[in-house]
1. Return the only residue of 195, 184 being in contact with a Phe, Trp or Tyr (Cβ under 7 Å, 6 or more places away or on another chain) and either more than 28 Å from residue 135 (Cα to Cα) or at pLDDT 95 or above (or both).
2. When you check residue 197 against the structure, is it within 23 Å of residue 111 (Cα to Cα) and among the β-branched types (Val, Ile, Thr), yes or no?
3. Only one of these conditions is not met by residue 167: (1) touching a Phe, Trp or Tyr at 6+ places or on another chain (Cβ under 8 Å); (2) part of a strand (DSSP E or B). Which number is it?
4. Among the numbered criteria (1) small (Gly, Ala, Ser); (2) surrounded by 14 or more Cβ atoms within 10 Å (Cβ to Cβ); (3) assigned to a loop (DSSP other than H, G, I, E, B), which single criterion is violated by residue 203?
5. Return yes when residue 223 is of a type in the set (D, E, K, R) and touching a Ser or Thr at 6+ places or on another chain (Cβ under 8 Å) and no when it is not.
Amino acid sequence: MESFIEEYISSVNAEDVNEEILLERRISPYATLRPGDLAALLKLQSSIPLSGSALKSGWHHGPGGLETHVEEILKREEQGFSSDESGNEGVKDEELRDVVCRGDEQNHVPAVYTVRGLRRHEMPVVGVYVDKRVCPGFRYRVRRAGSNRFFFQNEARTLESIGMGYGKRLTFTGEQRNNNENYFWSDSEPEGYAFSIQAVDEGMKFLVMDVDEAVVGEGVVSRIHEPQEETTMTAGKDGVTKRVAVTLTCSVTYYHRHHYGLIDMMVHENQETISGEAVLHKSRKSRKASLVSVEGVFLQRVGQCKFIPDC
């Protein structure tokens with residue numbers, strides 16, 4: 001747990017380190033004190049250089065304290081994060097929004113939070129509040145609100161579980177099943193987190209099916225253009241279904257059918273940019289959601305059609 005906090009939760013810049021703010025974030029009332037946090041605080045009890053106001057509060061100072069510790073965390077943070085080319089840099093101010101989150105709407109304590117700088121496709125998680133669209137079994141990219149850098153080297157990871165209680169533990173898939181450190185608590189970061197769903201990846205292969213349910217070609221996703229934005233979610237006895245708006249560039253190869261039933265591949269490929277809705281479904285018995293189709297696609301040669309994953 002401590003290694004994950006050091007790698008992903010620290011967000012200060014080396015030039016702007018304010019010792020009082022750092023200590024406030026570590027023991028903030030937004031955060032739930034856990035065994036790992038207590039151990040980390042005890043490590044900082046030796047000589048810590050602080051400002052005059054902090055000294056009045058009873059803190060002592062000396063060499064090799066907080067500043068050295070912060071520098072080490074920042075070095076590891078730079079290695080563990082990846083910037084997103086669609087990050088806040090270059091995003092117009094009107095495309096960012098502030099979201100007010102109310103705990104009482106989810107039958108929790110009546111806490112009110114404001115998560116700032118969310119993009120239109122992102123869902124907030126802060127304090128006791130977890131957006132109802134954030135569901136285990138679906139893949140998400142996660143960043144800290146106010147930062148352009150994403151967790152897990154900019155990869156989308158499957159959310160395995162959301163813990164109980166006020167500060168909810170959010171656990172994502174990791175490389176090791178017996179020692180998974182890919183988790184954090186909803187109340188660990190006072191500014192909150194931004195979650196964005198991931199339905200389609202580059203390199204995915206699809207079969208192209210026309211309105212008559214006939215397979216007329218195949219395609220490979222070569223580029224994903226815009227953020228993938230969840231449009232609807234339904235939950236029932238058979239599980240959870242989400243629809244996600246996507247815009248993709250695909251290399252499409254069309255089939256040529258002979259009158260006696262044989263199929264030839266046409267020699268040339270078409271690069272086409274399409275928009276549609278990816279349909280994701282997670283059954284009650286399944287731990288992960290699966291991509292069912294990309295619907296509402298229009299191709300010049302075929303017209304209306306849908307993409308079916310070619311596993």
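The values are calculated or read from the model by the stated rules, or taken from the named source; none is laboratory data. Bear in mind that the values here come from a model prediction, so they are computed numbers and not experimental data. Virtual Cβ from ideal backbone geometry, glycine too; neighbours counted across all protein chains shown.
1. Going through 195, 184 in turn, just one is in contact with a Phe, Trp or Tyr (Cβ under 7 Å, 6 or more places away or on another chain) and either more than 28 Å from residue 135 (Cα to Cα) or at pLDDT 95 or above (or both): 195.
2. no
3. Here residue 167 clears every test but (2).
4. (2)
5. yes
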